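Data block below; observations after.
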Amino acid sequence: MPRISFRFLSASLLIVLLMALSAPVSAVTVSAGWTRADVGLQNKGDGLFVSVSNGIPMDSRILDVSYALEYVQKVGSQPTFFSDPVTGFATDDAEVTLHCVQPSIFLGARVPDLGFVPRIYVGGSFVLKVKESWTAFPGMADNEYGYKNSDIVGHVGVSLGVGPVTVDFRYTQGFTGQLLHDNSIPLDPVKAETGPEGAHEPEIGAKLTNIQLGAGFSF
């Protein structure tokens, strides 16, 4: 499987640090919640996210700019054939969790002068995969897959704030193909043609997407 590039990780963390040092101090928001991702496998999966963000003060009462450092889990699974010299053949779900860190920047627009603050926003992130975890396999898989170490993604979202509390919903779209196939594993021609019953072939080169719903607190 691919390994994380610490040069990319260091560069991304440096970008966030420089933004933090160059921007005036504003309210810091800590958020957490649920994600549901499509990672190119048959089944989507549920994960978690955590975010720390900071606003950059602006004169506008409508527009705002913020930056964040986020941890996001992207989960999916694929029905897979397995073989074991003792137990024989089996079919089970191979589930993966991609642990990702992403420095992000956002541009938002809000409606002022209300008791609550509705806001829409767009943004972008440079995603670094820091870990790729697969569930334990019940034998040897007839196919194995992996993911690239980095991605560029775009976001569109809507949030609603009341005092220091914010509820947020976001859709994220990846821009580069991510899912890789391990070509070193020989394919069984029959299995490769039929696959497990009811299974769809993984989408090699899939661009990953996810939605997330969470709540944040500013202080």
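The values are calculated or read from the model by the stated rules, or taken from the named source; none is laboratory data. In this text the structure is predicted, and so the values were computed from the model without any measurement. Backbone-built Cβ (ideal geometry, glycine too); neighbour counts: all protein chains shown.
If we scan the stretch 33-48, do we find a residue that is farther than 30 Å from residue 92 by Cα and more than 15 Å from the chain's Cα centre (by Cα)?
Step one: filter the stretch 33-48 for residues farther than 30 Å from residue 92 by Cα, giving none.
No, the stretch 33-48 contains no residue that is farther than 30 Å from residue 92 by Cα and more than 15 Å from the chain's Cα centre (by Cα).
Can you tell me which residues in the stretch 153-166 are within 19 Å of the chain's Cα centre (by Cα) and surrounded by fewer than 16 Cβ atoms within 10 Å (Cβ to Cβ)?
154, 156, 158
Hey, does the stretch 42-63 have a residue that's polar (S, T, N, Q), without any contact (Cβ under 8 Å) to a residue 40 or more places away in the chain and not in a strand (DSSP E or B)?
Yes, because at least one residue in the stretch 42-63 is polar (S, T, N, Q), without any contact (Cβ under 8 Å) to a residue 40 or more places away in the chain and not in a strand (DSSP E or B).
Quick check on my filter: what residues within the stretch 100-157 are assigned to a loop (DSSP other than H, G, I, E, B) and of a type in the set (Gly, Ala, Ser)?
So in the stretch 100-157, the residues assigned to a loop (DSSP other than H, G, I, E, B) come out as 111-116, 135-139, 142-144, 148-149.
Those that are assigned to a loop (DSSP other than H, G, I, E, B) and of a type in the set (Gly, Ala, Ser): 115, 136, 139.
Using the structure shown, decide if residue 92 is surrounded by 13 or more Cβ atoms within 10 Å (Cβ to Cβ), among the acidic types (Asp, Glu) and over 16 Å from the mean Cα position of the chain (by Cα).
Numbers: surrounded by 13 or more Cβ atoms within 10 Å (Cβ to Cβ): yes; among the acidic types (Asp, Glu): yes; over 16 Å from the mean Cα position of the chain (by Cα): yes.
Yes: the conditions hold for residue 92.
List every residue pair whose Cβ atoms lie under 9 Å apart, where the two residues are 6 or more positions apart in sequence or sit on different chains, the first residue falls within the stretch 78-91 and is in contact (Cβ under 8 Å) with a residue 24 or more places away in the chain, and the second residue, located anywhere, is of a type in the set (A, V, I, L, M) and surrounded by fewer than 17 Cβ atoms within 10 Å (Cβ to Cβ).
Final answer for the pair search is 81/90; 82/90; 82/140; 83/90; 83/140; 84/90; 84/140.
Modelled with pLDDT of 95 or more, of a type outside the set (Asp, Glu) and closer than 30 Å to residue 90 by Cβ: does that describe residue 183?
Details: modelled with pLDDT of 95 or more: no; of a type outside the set (Asp, Glu): yes; closer than 30 Å to residue 90 by Cβ: yes.
No.
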